[in-house]
Each structure stands twice: as C-alpha cells, then as structure tokens.
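Working notes for the structure below.
The values are calculated or read from the model by the stated rules, or taken from the named source; none is laboratory data. Everything numeric here is computed off the predicted structure, so don't read it as measured data. Note that each Cβ is placed from the backbone with ideal geometry, even for glycine, and that neighbours are counted across all protein chains shown.
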Amino acid sequence: MPLIATETLAPNSLPYEQQHQVYCGLDTMVTLEVFHALREMRPRLPAIYSFERALQGPYLEIMQRGFAVDQLARASAARSLQERIDGLQIQLDEFAMAAWGRPLNPNSPAQLKDFFYAKMRLPEVWLSQKGERKLSCNREALEKLETYLYARPFVSIILSIRELKKQLDVFNTEIDPDGRYRTSYNIAGTETGRPSSSSNAFGTGGNAQNIAAGLRYVFIADPGWKLCVIDLEQVEARDVGFFCGCLFDDWKFLNACESGDLHTANCRLIWPERHWTGDLKKDRTLADELFYREFSYRDMSKRGGHLTNYFGTPWTMARHLKIPLRLAEDFQDRYAKGPSPAYPAIPRYWAWVAQELQTSHRLVTPFGRERHFFGRAGDDTTLREGIAFLPQSTTADRMNLGLWRVWKKMPEVQLLGQTYDSITFQFREDADEAAIVQRALELIRVELVARNGRRYIVPGEAKVGWNWASRHQDGKAFGKGNRFNPDGLVKWRAGKDKRRRGESATTA
DNA sequence: GACCCCCGCCAC
DNA sequence: AAACGTGGCGGGGGTC
C-alpha cells in the first residue's frame with residue numbers, strides 16, 4: 001500500500017511549477033514517513049546518524065565555495081592535449097584505412113573487436129572481470145596483442161589516444177563563470193561511509209576525488225591564500241593492524257606500520273634471511289633492491305601486501321603485478337598464509353569476518369557504523385566486501401571527523417575538498433603557517449583505545465603550496481612533460497621552507 | 001533525441 | 001569456479 005495516494009495528485013495535469021512542488025513534496029514527505037517508521041524500530045538514534053547530519057555543514061560549505069582553477073593553465077593544457085590527440089588520430093586513421101578501408105575509433109570496443117579479432121584475425125583475448133569472462137579490448141588485452149608485430153603500431157596509438165583523452169576530459173569539464181570547480185559531495189551515498197563526489201546539480205564540475213596526480217596543478221589557492229593538504233599515513237593498513245591487535249592481541253602488523261617505514265619493515269619480516277642491519281638507511285637500500293624485473297622487495301610488500309590484506313588471491317596478485325604465479329604464492333605464504341608467516345593474524349582477521357557474517361550478517365566499526373550484509377554469507381564476494389568494509393569505513397569516519405573538527409574549530413581556514421584519506425583547505429598567506437598546520441594536524445588525530453589499553457592514532461602528514469600538485473615527484477621537479485612546478489605542494493616541516501610564492505626551491 | 005547499459009579507466 | 005573493495009564519468013551503441 002502506498003504511503004501517499006499519488007494518483008489523486010495527478011501531477012501531470014498540473015502546471016509545470018506545481019508539478020515540481022508535488023514532486024518535491026513527495027520526495028521529502030515520503031522520506032519523512034520512512035524516517036518515522038524507522039525511528040519506531042529504533043528510538044535511540046545511532047551516533048553515526050547524527051554525525052552524518054553534522055557533516056552537512058562542512059560539505060555544503062565546500063560545495064558552495066568551489067576550488068579555484070587556473071584558467072590559463074587549463075586552457076593551454078586542453079589545447080595541447082587536443083592537438084596531440086588529433087595528430088595521433090590522423091595517424092591511426094591512415095593505418096586503419098590501409099588495413100581495412102575505414103577509420104578506427106579507439107574508444108569503441110565494438111570497432112576494436114571487429115578490427116583486431118575479425119579483420120586482423122588475432123587470437124581473442126578473454127579476460128575475467130567481476131566474475132564474467134569477456135572478450136576485451138582494454139589496456140590489459142591490448143598489451144597482450146602487442147606480441148603480434150602487425151598489431152603493435154595500432155595498440156600503441158590506441159592506448160596513447162585513450163590516455164590523452166582521459167586527461168582532456170578533466171580539463172574540458174565545465175567550470176562555473178567565476179572560475180571555480182564546484183563538485184557535489186554525497187555524504188550518505190556509499191556502503192562504507194565514504195563520501196562520493198560528482199558533478200553538481202547544475203551539471204558543472206565533476207568528481208574531485210579522481211583527478212590524476214599529474215593534472216592537479218590547475219587547481220589553485222585563491223589570491224592571498226595558500227593550500228594545505230593533510231593526509232593520513234598508511235591509514236587502512238594501520239586499521240587492519242589495529243583490528244588484529246584488538247581481536248587476537250597480535251600487534252605485529254600494527255607495530256610494523258608504526259615502525260616508520262611499513263614497507264621496509266614488511267620486507268624484513270617477509271624475507272628474514274636477507275642481510276638486514278637494523279640501520280634504517282641501509283635496510284631501505286636493501287629493500288629497494290630488485291626482486292623481480294622492475295619490482296623491488298619493497299614494491300612487492302607494498303602492492304602485494306595491500307592486495308593480500310583484502311583477500312586477493314595469488315592469481316590476482318600475479319596478474320596485477322605481472323609476475324609468475326609461483327612468486328605470488330611464495331609471497332603470500334611468507335606474508336600471511338604459510339606455516340610460519342610474518343603476519344599470522346591477517347588470515348585470522350579474514351576468518352573472524354567470515355564468522356561474523358555467518359552468525360550475524362553484520363559488521364560494526366570502531367566508530368559504531370553498522371553494515372548489514374545481504375549477500376550469501378558463505379560467498380567469497382560477501383566475505384571480500386566484509387573484509388574491505390571495516391578498514392575502509394573506519395578510515396572514512398576518521399577522516400570525516402577530522403574534517404568536521406577543522407571546520408568547527410578553525411574558522412580561519414577554508415575547506416576545499418576531501419579525497420578519502422586526505423583533506424584540502426586554504427589559509428591566508430599572512431597567517432601563522434606553523435600554528436595553522438600544527439593545529440590542523442592535532443585536530444586530525446583521532447585516538448582509539450584497545451581493551452588492553454593500547455592507544456592508537458594515525459598520524460597526519462601535511463603538505464603546503466599554491467597549487468594542488470606535488471612540487472616534486474620521486475625527488476625531481478614534477479609535472480607533465482617535465483613541467484616545472486615551483487608552486488606545487490611540498491611536505492611541511494616545522495620551521496622549514498619559508499619560501500614565498502614563485503620563488504624556486506633552490507633560492508629559498 | 002532521450003534513455004540506458006556496457007566498457008574502459010581515473011581515484012583511494 | 002573464480003580470482004581485492006568503494007566510487008563517478010565519458011563515449012559507444014543499442015532501444016524506444
């Protein structure tokens with residue numbers, strides 16, 4: 001039975017404005033009725049619900065303010081990308097005309113399948129994605145086709161065009177007339193409590209949470225202001241470590257996370273027979289030595305560790321890192337699964353999640369966020385959702401609490417965005433930078449206490465600058481095509497870098 | 001032409 | 001047999 005007899009309102013017979021009023025009324029009143037019904041089932045509102053409502057303040061502010069965009073940089077980047085794409089497309093069409101008498105659209109999987117598999121008669125590349133085997137022309141499939149000499153020039157141009165087009169989309173996103181990129185944040189849209197980001201209600205702006213690192217330099221502080229980005233270091237890994245400690249009193253993984261360099265510490269545990277010295281610098285050098293092809297031991301523990309924490313199989317790990325299956329199996333045995341693994345608590349964490357799903361079909365995070373799992377408790381997919389839920393959700397609430405506190409306690413700064421494990425705000429250039437950054441870092445600290453009394457925080461790392469990209473990448477000046485980015489973000493350290501805007505790092 | 005699904009791909 | 005999770009967007013290409 002409908003809550004409201006909508007047919008009596010006959011909205012289509014009403015004038016346009018009244019149709020909207022009816023629509024709006026249904027939207028809000030039905031929601032309210034649902035709320036009342038739920039409220040009866042649960043008279044005490046969960047704290048997490050009030051928290052979500054409190055987040056409306058800072059997020060509305062972020063959405064209204066928008067993030068300033070360097071219009072000249074944006075336009076010139078868009079122009080040069082378009083030129084490069086046009087040039088490549090002409091080349092691709094020349095090849096394609098010669099090969100099959102028509103042009104080829106690199107963004108059409110249908111045309112590519114026709115071209116590579118029917119016309120060129122190359123062996124089909126079937127990939128399994130989300131449980132389904134598919135004839136694919138994605139990057140992974142095309143890279144497999146590169147083994148065939150005739151396919152090579154096509155593959156390389158297609159991949160280049162796709163990559164450049166993706167970048168162009170970011171620069172071509174419509175920005176508001178005042179030069180600001182306004183994104184819409186959905187506070188309560190996800191399963192985990194993460195906010196999501198999308199284009200706004202007027203159709204301008206876009207997802208601000210998936211801008212590639214190399215394109216962020218077009219996002220800038222307002223005149224007279226400076227950006228600060230604070231991110232939570234290794235936050236999801238630490239959360240997994242905290243759960244292992246709380247559940248099984250096994251703190252080895254959290255200890256490794258807190259040792260200063262998680263990935264090097266991981267390497268020592270995973271490959272104990274290597275000649276570790278205990279000296280941070282020397283051990284880092286040892287961890288940076290190559291393990292397989294371009295992968296160092298440290299890379300392996302970083303990428304493989306994350307994947308393994310989330311119940312990724314050796315098969316997935318081998319595919320993802322492009323390494324032999326045996327190496328992935330060997331890694332996982334030493335990391336978590338073998339007879340004497342570095343982190344035996346991790347499989348215990350998986351088993352505990354499986355048990356919870358079997359018995360209660362629900363999980364609750366340290367912040368009291370509860371999620372019911374409606375999938376079949378025994379399915380791997382359900383288990384994976386559960387395993388990922390706890391750290392993801394804990395991270396989301398931790399970051400949002402930090403964001404809310406900065407908004408509430410630091411009226412002198414202006415929030416600009418949230419990117420899962422980081423927040424971005426701007427502060428006045430003539431303000432006391434050290435005081436502001438330190439205060440924000442304090443507010444980001446959220447302490448959790450385990451039953452054994454162990455206190456757990458995730459440290460924040462601050463970066464400051466005048467645009468949203470890093471000034472350096474791998475120790476070098478950073479940017480697209482070696483673009484020098486002197487106004488980019490640098491790691492903030494107390495008392496360091498009093499450089500003013502536009503001065504290069506070397507003259508500071 | 002509006003709508004919808006699929007594909008590919010970006011983020012953490 | 002299937003093979004790590006959470007999201008959003010643009011384009012192609014089908015249907016209505």
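In table form, for the structure just shown:
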read-out: Enumeration of residues in the stretch A:337-363 that are in a loop (DSSP other than H, G, I, E, B) and free of Cβ contacts under 8 Å to residues at least 40 places away in the same chain; value: A:Gly338, A:Pro339, A:Ser340, A:Pro341, A:His361
read-out: Matching residues, the stretch A:178-225, being near DNA strand C (Cβ under 9 Å from one of its atoms), surrounded by 15 or more Cβ atoms within 10 Å (Cβ to Cβ) and of a type in the set (D, E, K, R); value: A:Arg194
read-out: Residues (away from DNA strand C (no atom under 11 Å from the Cβ) and either of a type in the set (Phe, Trp, Tyr) or under 23 Å from A:Tyr349 (Cβ atoms) (or both)) located in the stretch A:309-331; value: A:Glu329, A:Asp330, A:Phe331
read-out: Failed item in (1) in a helix (DSSP H, G or I); (2) surrounded by 11 or more Cβ atoms within 10 Å (Cβ to Cβ), with A:Gln64 passing the rest; value: (2)
read-out: In the stretch A:415-445, residue surrounded by the most Cβ atoms within 10 Å (Cβ to Cβ) [restricted to those that are within 16 Å of DNA strand B (Cβ to nearest atom) and farther than 19 Å from A:Ala221 by Cβ]; value: A:Ile444
read-out: Residues within the stretch A:144-175 that are away from DNA strand C (no atom under 11 Å from the Cβ), over 17 Å from A:Leu88 (Cβ atoms) and without any contact (Cβ under 8 Å) to a residue 60 or more places away in the chain, tallied; value: 6
read-out: Residue match in the stretch A:132-143 (condition: within 15 Å of DNA strand C (Cβ to nearest atom), assigned to a loop (DSSP other than H, G, I, E, B) and crowded, with 19+ Cβ neighbours inside 10 Å); value: yes
read-out: Selected residue (criterion: farthest from DNA strand C (Cβ to nearest atom)) from residues of the stretch A:112-131 that are basic (Lys, Arg) and surrounded by 13 or more Cβ atoms within 10 Å (Cβ to Cβ); value: A:Lys119
read-out: The listed residue being within 13 Å of DNA strand B (Cβ to nearest atom) and under 28 Å from A:His472 (Cβ atoms), out of A:Leu227, A:Leu159, A:Leu262; value: A:Leu159
read-out: Exclusive hit being modelled with pLDDT under 90, within 16 Å of DNA strand B (Cβ to nearest atom) and more than 21 Å from the chain's Cα centre (by Cα), set A:Lys302, A:Lys322; value: A:Lys322
read-out: Of all residues making up the stretch A:288-312, the number that are in a loop (DSSP other than H, G, I, E, B) and under 16 Å from A:Pro341 (Cβ atoms); value: 2
read-out: Residue within the stretch A:71-92 that is among the acidic types (Asp, Glu), within 12 Å of DNA strand C (Cβ to nearest atom) and part of a helix (DSSP H, G or I) present; value: no
read-out: Residue list for the stretch A:8-25, restricted to those being in a helix (DSSP H, G or I), modelled with pLDDT under 70 and among the aliphatic types (A, V, I, L, M); value: A:Leu9
read-out: Only listed residue being assigned by TED's automatic domain parsing to the domain that holds A:Leu142, closer than 28 Å to A:Asn172 by Cα and not polar (S, T, N, Q), chosen from A:Ala110, A:Ala99; value: A:Ala110
read-out: Test result for A:Ala388, farther than 13 Å from A:Leu363 by Cα and surrounded by 17 or more Cβ atoms within 10 Å (Cβ to Cβ); value: no
read-out: Residue among A:Leu142, A:Leu135, A:Leu104 that is more than 9 Å from DNA strand B (Cβ to nearest atom) and aliphatic (A, V, I, L, M); value: A:Leu104
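Per-residue answers, yes or no, for (1) in a loop (DSSP other than H, G, I, E, B); (2) within 16 Å of DNA strand B (Cβ to nearest atom); (3) modelled with pLDDT of 85 or more:
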residue: A:Asp222; (1), (2), (3): yes, no, yes
residue: A:Asp250; (1), (2), (3): yes, no, yes
residue: A:Ala256; (1), (2), (3): no, no, yes
residue: A:Cys267; (1), (2), (3): no, no, no
residue: A:Arg274; (1), (2), (3): yes, no, yes
residue: A:Lys282; (1), (2), (3): no, no, yes
